[in-house]
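Student: Got a structure for you, written out below as structure tokens; questions coming shortly.
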Amino acid sequence: MPGAEGTQDGRLTDVLSTPVYGETLTVLHVAPAGGADQVAAVAATQSAAGWSSTVVDAAALAASPLEGVDVVVLWGLTAAESRDAVAGRTPTVVVFDEDDVRRVLRRPDRWVREFRRTPHTNLLLVPAGLAERYTRTGPPVPLAHRPADLPAAAAVELLSGWLARAYAYGRR
């Protein structure tokens, strides 16, 4: 019997065919200055589910050891600009909010920077309402919908499913 949207018997089925937390991953979240609380709540939910999730700020990413890190999650445009520090070393997922998407699409200099970084981005998560617009006019990159109700547990599970999928496909 189907459960909540995207689940069957409590397991996420739209993103992965296996349980999301079935394999233990080590995730490094890179938080923007104003969004550290939400990112910390997401990391805490993942840690409670058995993953090893830590949070650093964007300035500390360059000094953070990446050995043993399975996926790096860059939250927001500021953190995403530090993508060069992890390029080609570990699977990388970028999470944008509405303001980040609009800044990329409206400013040619930001568009070019994102275009230059797309080869090292496994997945870009954007709000559902802007995904089609980003697909038409944004730099080409694997794209999915950002879970809407973060840090609610169901939204974190969906986000974690995308991270597990990025890990499975490996670094770019």
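The values are calculated or read from the model by the stated rules, or taken from the named source; none is laboratory data. It should be emphasised that the depicted structure is a prediction, and the values quoted were computed from it without experimental measurement. Counting neighbours? That spans all protein chains shown, and the Cβs are built from the backbone with ideal geometry, glycine included. SASA here: full protein model, heavy atoms, side chains in, ligands and nucleic acids out. Shrake-Rupley method; radii C 1.70, N 1.55, O 1.52, S 1.80 Å.
Student: Using modelled amide H (1.01 Å from N, peptide plane; none on Pro or chain starts), what sits under 5 Å from the amide H of LEU66, excluding residues fewer than 5 places away?
Tutor: none
Student: List residues of the stretch 104-141, by number, whose backbone nitrogen lies under 16 Å from a label position 7 Å along Cα→C-beta of GLU98.
Tutor: 104-106, 126-134
Student: For the stretch 64-73, what does the Karplus curve 6.51 cos²θ - 1.76 cosθ + 1.60, with θ = phi - 60°, yield as ³J(HN,Hα) per residue in whole Hz, taken in order and with x for Gly and Pro?
Tutor: Coupling constants for the stretch 64-73: 7, x, 9, 5, x, 7, 7, 9, 10, 10 Hz.
Student: Right, something else. Tell me the label-point distance for the pair THR135, THR118, using the 7 Å Cα-to-Cβ offset, in nm and rounded to one decimal.
Tutor: The answer from the label model is 1.4 nm.
Student: Taking the C-alpha atoms of the chain, how large are the radius of gyration and the largest Cα-Cα span, Dmax, in Å?
Tutor: My reading of the Cα-based Rg and Dmax gives 15.2, 49 Å.
Student: Next question, about the same structure. In square angstrom, what is the accessible area per residue of the stretch 74-148 with a 1.4 angstrom probe?
Tutor: Values: 3370 Å² over 75 residues.
With the other protein chains kept in place, the stretch 74-148 gives 45 Å² per residue.
Student: Going 7 Å from the Cα of ARG171 along its beta-carbon direction, which residues of the stretch 73-108 have the amide nitrogen within less than 14 Å of the resulting point?
Tutor: Residues passing the 14 Å test: 73, 83-93.
Student: Binning at 10 Å from 0, report for the stretch 121-172 what percent of all alpha-carbon pair distances ends up in each bin.
Tutor: Here the calculated profile for the stretch 121-172 is 25, 48, 27, 0.
Student: Follow-up. If I compute solvent accessible area with a 1.4 Å probe over the protein chains, what percent of it on the stretch 34-100 is carbon and sulfur?
Tutor: Details: 1310 of 2610 Å².
Carbon and sulfur atoms account for 50 percent of the accessible area of the stretch 34-100.
Student: Something else now. Can you compute 3J(HN,Hα) from phi for each residue in the stretch 95-110, using the Karplus curve 6.51 cos²θ - 1.76 cosθ + 1.60 with θ = phi - 60°, rounded to whole Hz and x for Gly and Pro?
Tutor: In residue order, the calculated couplings are 10, 9, 9, 4, 4, 4, 4, 4, 4, 5, 6, 9, 10, x, 5, 5 Hz.
Student: Now for a separate question. Using Cα centres only, tell me the gap between the stretch 43-84 and the stretch 104-172 in whole Å.
Tutor: So the separation of the two Cα centres works out to 15 Å.
Student: Here is a further query. Packing-wise, with mean Cβ within 10 Å as the measure, how do 155-164, 86-95, 63-72, 116-125 rank, highest first? Mind showing how you got there, number by number?
Tutor: Working: 155-164: 23.7, 86-95: 20.7, 63-72: 15.1, 116-125: 19.2.
Order by mean packing, descending: 155-164, 86-95, 116-125, 63-72.
Student: OK, next. Note down the nm distance, to one decimal, between modelled labels 7 Å out along Cα→Cβ at GLN38 and at ALA87.
Tutor: In this crude label model, GLN38 to ALA87 measures out at 2.7 nm.
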